[in-house]
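> The structure's right below; bear with me while I get my questions together.
The values are calculated or read from the model by the stated rules, or taken from the named source; none is laboratory data. Everything numeric in this text was worked out from a predicted model, so none of it was measured. Glycine also receives a Cβ, built like all others from the backbone with ideal geometry; neighbour counts cover every protein chain displayed.
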Amino acid sequence: MKRIALLSLMTTLSTAALAAPETYVIDGPHTLPRFSYSHFGYSNQLSRFDKTSGKIVLDRQAKTGFVEVNIDTTSVNTGYPLFNEHIQGEDFLDTAKYPAATFISNMLKFEGENLVAVDGTLTLKGISKPVTLTVTSFQCMPHPMLKKDACGANATTTVKRSDFNMGKYAPQVGDEVTITIPVEAVKE
């Protein structure tokens, strides 16, 4: 009887170990959030942020987790230094007062084994709003160069910049901004 109880306990513990959450650290050089918007209807402009950090905690068996993405808004890169300064000004990102944007979530949505969405809170310019990131691709596997497990995803959402006190020139310059976050993270 003791042997059966011991085997049962060992099975329970080994199953729990398999289901343990795993923590992944965001790989900054491979996580460059982008944003695009209509520029007077002429074209869709695309810019990015060059400095991102954070972590992802993932329990694939339980289909739960936590996501924290920290974006250094002073690293905005429009491809043109003078326009970078303009975007960092008070009318837009106001990086002097708000040098970071964050996305935090503990609500991951799966369809089967596939992560399809992440509900969370986006904070820009000191204003927090709920957003859903739609995940268009998601994969975890051993990293071929680092020899560690890694996960990657592409996620996107659309927000109104006026909701974050950045509505200057709207609607001529599009109020809707599409945010795309290609993220790679390496297991701790």
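> Could you say whether any residue in region 57-72 is at pLDDT 95 or above, surrounded by 16 or more Cβ atoms within 10 Å (Cβ to Cβ), in a loop (DSSP other than H, G, I, E, B) and not small (Gly, Ala, Ser)?
No.
> Can you name the residue in region 29-39 that is farther than 25 Å from Thr64 by Cβ and surrounded by 15 or more Cβ atoms within 10 Å (Cβ to Cβ) and, of all such residues, is farthest from the chain's Cα centre (by Cα)?
Keep residues of region 29-39 that are farther than 25 Å from Thr64 by Cβ, which gives 29, 32, 34-39.
Adding the requirement that they be surrounded by 15 or more Cβ atoms within 10 Å (Cβ to Cβ) leaves 32, 34-38.
Details: Leu32: 10, Arg34: 11, Phe35: 13, Ser36: 16, Tyr37: 19, Ser38: 23 Å.
Looking at residues that are farther than 25 Å from Thr64 by Cβ and surrounded by 15 or more Cβ atoms within 10 Å (Cβ to Cβ), I get Ser38.
> Suppose we filter region 47-74 for residues that are touching a Phe, Trp or Tyr at 6+ places or on another chain (Cβ under 7 Å), of a type outside the set (A, V, I, L, M, F, W, C) and either within 17 Å of Thr95 (Cα to Cα) or in contact (Cβ under 8 Å) with a residue 60 or more places away in the chain (or both); how many remain?
Going through region 47-74 one residue at a time, the tally reaches 4.
> Every residue in region 163-176 that is surrounded by fewer than 16 Cβ atoms within 10 Å (Cβ to Cβ) and either of a type in the set (Gly, Ala, Ser) or within 21 Å of Lys51 (Cα to Cα) (or both), please.
Across region 163-176, the qualifying residues are Gly167, Ala170.
> Moving to a separate point now. Given (1) more than 17 Å from Ser47 (Cα to Cα); (2) in contact with a strand residue (DSSP E or B) (Cβ under 8 Å, 6 or more places away or on another chain), identify the lone condition not met by Lys168.
(2)
This table checks each residue for (1) assigned to a strand (DSSP E or B); (2) buried (at least 17 other Cβ atoms within 10 Å of the Cβ).
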site: Glu85; (1), (2): no, no
site: Ser105; (1), (2): yes, yes
site: Leu115; (1), (2): yes, yes
site: Thr121; (1), (2): yes, no
site: Ser137; (1), (2): yes, no
site: Gly152; (1), (2): yes, yes
site: Thr178; (1), (2): yes, no
site: Val183; (1), (2): yes, yes
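> Another question about this same structure. Quick check on my filter: what residues within region 125-165 are basic (Lys, Arg) and out of contact with any strand residue (DSSP E or B) (no Cβ under 7 Å at 6 or more places or on another chain)? Even if it seems obvious, please write down each step before you answer.
Residues of region 125-165 that are basic (Lys, Arg), as a first pass: 125, 129, 147-148, 160-161.
Matches in region 125-165: Lys125, Lys147.
> Quick one: Phe110 ticks every box in (1) in contact with a strand residue (DSSP E or B) (Cβ under 8 Å, 6 or more places away or on another chain); (2) in a helix (DSSP H, G or I); (3) aromatic (Phe, Trp, Tyr) except a single one, so which number is it?
(2)
This table checks each residue for (1) in a loop (DSSP other than H, G, I, E, B); (2) at pLDDT below 95; (3) of a type in the set (Asp, Glu); (4) within 23 Å of Val159 (Cβ to Cβ).
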| residue | (1), (2), (3), (4) |
| --- | --- |
| Ser14 | no, yes, no, no |
| Val25 | no, no, no, no |
| Ser53 | no, no, no, yes |
| Gly79 | yes, no, no, yes |
| Phe92 | yes, no, no, yes |
| Ala96 | yes, no, no, yes |
| Thr102 | no, no, no, yes |
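> Still on this structure: Within the set of pairs 6 or more residues apart or between chains, which connect a residue that is modelled with pLDDT of 95 or more inside region 168-188 to a residue that is small (Gly, Ala, Ser) with Cβ atoms less than 6 Å apart?
Ala170/Ser162; Gly174/Ser38; Asp175/Ser162; Thr178/Ser36; Ile181/Ala155; Val183/Ala153; Glu184/Gly152; Val186/Ala150
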